[in-house]
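Written below as structure tokens is the structure these notes are about.
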Amino acid sequence: MSHDCLFCKIARHEIPARIVHEDDEFLAFHDINPAAPVHLLLMPKHHVASLAAVGSTDDAWLARMLLLVPKLAFANGCNPLPDGGFRLVANAGTEGGQEIDHLHFHILGGARPWSKRAAPAA
Ligand code: 5GP
Ligand code: ZN
């Protein structure tokens, strides 16, 4: 389904992004305003508003998306465990801090300190 949101345009290559992974279903690229040394965004290519908009029929692709996370993290600069690692964040809705209404995972990692923007809630 065609959609006009910013991330749909990135998915259709109408707006450039520093892409690190692309397959039939998903696109991953560097966040334009990184909050950590590694800050990737991973999204489905089809438009889904947020994690609050998925249902039981979305289980298979959501699982495939989740399985991509550690692969992308470690292939793009996150350090190995136990000293390294990564953080996975999905904002949903205004109070959840979501700015772009197209489901995406933030994958954050790299040496600390990170920006306060990516700090855990107190
Ligand atoms: P949200 O607040 O919706 O969870 O996250 C949106 C993220 O998208 C922000 O971290 C922001 O820096 C990033 N972003 C916004 N516009 C663009 C863009 O045009 N290109 C890229 N690569 N990232 C963007
Ligand atoms: Zn979209």
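So, in segment 74-86, exactly how many residues are in contact (Cβ under 8 Å) with a residue 40 or more places away in the chain and crowded, with 17+ Cβ neighbours inside 10 Å? Can you show your working first?
At the first step, the residues of segment 74-86 found to be in contact (Cβ under 8 Å) with a residue 40 or more places away in the chain are 75-78, 86.
Of the ones still in play, those that are also crowded, with 17+ Cβ neighbours inside 10 Å are 76-78, 86.
Qualifying residue count, segment 74-86: 4.
What tally of residues in segment 31-60 results from selecting those that are loosely packed, with under 12 Cβ neighbours inside 10 Å and of a type in the set (Gly, Ala, Ser)?
Of the residues in segment 31-60, 3 are loosely packed, with under 12 Cβ neighbours inside 10 Å and of a type in the set (Gly, Ala, Ser).
If a residue has to be closer than 20 Å to residue 3 by Cβ and not hydrophobic (A, V, I, L, M, F, W, C) to count, how many in segment 22-78 make the cut?
Residues in segment 22-78 being closer than 20 Å to residue 3 by Cβ and not hydrophobic (A, V, I, L, M, F, W, C): 12 in total.
So in segment 14-30, with the set limited to residues that are within 16 Å of ligand 2 (Cβ to nearest atom) and farther than 25 Å from residue 60 by Cα, which one is most open to solvent (accessible area, probe 1.4 Å)?
Going through the qualifying residues, I end up with 14.
If you check residue 7 against the conditions, is it touching a strand residue (DSSP E or B) at 6+ places or on another chain (Cβ under 6 Å), more than 16 Å from residue 108 (Cβ to Cβ) and in contact (Cβ under 8 Å) with a residue 12 or more places away in the chain?
yes
Can you name the number of the only condition in (1) open to solvent by 80 Å² or more (accessible area, probe 1.4 Å); (2) modelled with pLDDT of 95 or more that residue 10 fails?
Exception for residue 10: condition (1).
The values are calculated or read from the model by the stated rules, or taken from the named source; none is laboratory data. Being a predicted model, the structure only gives us computed values, none of them experimental. When we count neighbours, we look across all protein chains shown, and the Cβ atoms used for this are built from the backbone with ideal geometry, even at glycine. Accessible surface is based on the protein model in full, side chains and every heavy atom, while ligands, DNA and RNA are left aside. Shrake-Rupley method; radii C 1.70, N 1.55, O 1.52, S 1.80 Å.
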